[in-house]
Amino acid sequence: MKEAVEVEARNGFRVWVRFDDGTESEVDLADLAGRGVFKAWEDRAFFNGVHVGPAGSIAWSDDVELCPDSVFLRLTGQSPEDLFPRLADRAVHA
């Protein structure tokens, strides 16, 4: 499992994030903005309050956070099977 160790709000609905393995980049979250709990991002001060949450999540509050693995996959373009090889093994044996 990946963990964010540093995160920073950027222009638009982008955040820069660095993970525990040294991977770092910006990720565009605009596709989530305005949907469900992410409506809170319409308040720019709220969006700018992004921080590293429990277990290395990318968080804005207790109710608004993103799984670090899902953000890592967005950044790298990898598939879940790339990050968790056992998933591929299970698919073969199913």
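The values are calculated or read from the model by the stated rules, or taken from the named source; none is laboratory data. These figures come from a predicted structure and were not determined experimentally. Note: ideal-geometry Cβ built from the backbone for every residue, glycine included; neighbour counts use all protein chains shown. Side chains are part of the model used for accessible areas, which takes the heavy atoms of the whole protein and leaves out ligands, DNA and RNA. Shrake-Rupley method; radii C 1.70, N 1.55, O 1.52, S 1.80 Å.
Here is a list: Ser57, Ser70. Which entry is free of Cβ contacts under 8 Å to residues at least 40 places away in the same chain and either of a type in the set (Gly, Ala, Ser) or touching a Leu at 6+ places or on another chain (Cβ under 7 Å) (or both)? Walk me through how you get there before you give the answer.
Values: Ser57 fails: free of Cβ contacts under 8 Å to residues at least 40 places away in the same chain.
Unique residue meeting the criteria: Ser70.
Return a yes/no flag: does the range 55-72 have any residue that is closer than 15 Å to Val17 by Cβ, at pLDDT below 95 and open to solvent by 70 Å² or more (accessible area, probe 1.4 Å).
Yes.
Is it true that Ala45 is in contact with a helix residue (DSSP H, G or I) (Cβ under 9 Å, 6 or more places away or on another chain), over 20 Å from Glu3 (Cβ atoms), aliphatic (A, V, I, L, M) and modelled with pLDDT of 95 or more?
Values: in contact with a helix residue (DSSP H, G or I) (Cβ under 9 Å, 6 or more places away or on another chain): no; over 20 Å from Glu3 (Cβ atoms): yes; aliphatic (A, V, I, L, M): yes; modelled with pLDDT of 95 or more: yes.
No.
How many of the residues in the range 73-84 are assigned to a helix (DSSP H, G or I) and either open to solvent by less than 80 Å² (accessible area, probe 1.4 Å) or touching a Lys or Arg at 6+ places or on another chain (Cβ under 7 Å) (or both)?
Initial filter on the range 73-84 (assigned to a helix (DSSP H, G or I)): 73-76, 80-83.
Among the residues that remain, those that are also either open to solvent by less than 80 Å² (accessible area, probe 1.4 Å) or touching a Lys or Arg at 6+ places or on another chain (Cβ under 7 Å) (or both) are: 73, 75-76, 80, 83.
Adding up the residues that qualify gives 5.
Considering the range 14-24 alone, what residues qualify as being open to solvent by 50 Å² or more (accessible area, probe 1.4 Å) and closer than 15 Å to Ser70 by Cβ? Explain how you work it out, then say what you get.
Let us first name the residues in the range 14-24 that are open to solvent by 50 Å² or more (accessible area, probe 1.4 Å), namely 14, 18, 20-21, 24.
Within the range 14-24, none qualify.
For Trp41, are the conditions met, namely being aromatic (Phe, Trp, Tyr) and part of a strand (DSSP E or B)? Walk me through how you get there before you give the answer.
Details: aromatic (Phe, Trp, Tyr): yes; part of a strand (DSSP E or B): no.
No: the conditions fail for Trp41.
Restricting the search to the range 51-69, which residues are more than 13 Å from Glu3 (Cβ to Cβ) and of a type in the set (Gly, Ala, Ser)?
Answer for the range 51-69, where residues must be more than 13 Å from Glu3 (Cβ to Cβ) and of a type in the set (Gly, Ala, Ser): just Ser61.
Checking Val5 against (1) within 15 Å of the chain's Cα centre (by Cα); (2) open to solvent by less than 40 Å² (accessible area, probe 1.4 Å), only one condition comes out false. Which one?
Unmet for Val5, out of (1) within 15 Å of the chain's Cα centre (by Cα); (2) open to solvent by less than 40 Å² (accessible area, probe 1.4 Å): (2).
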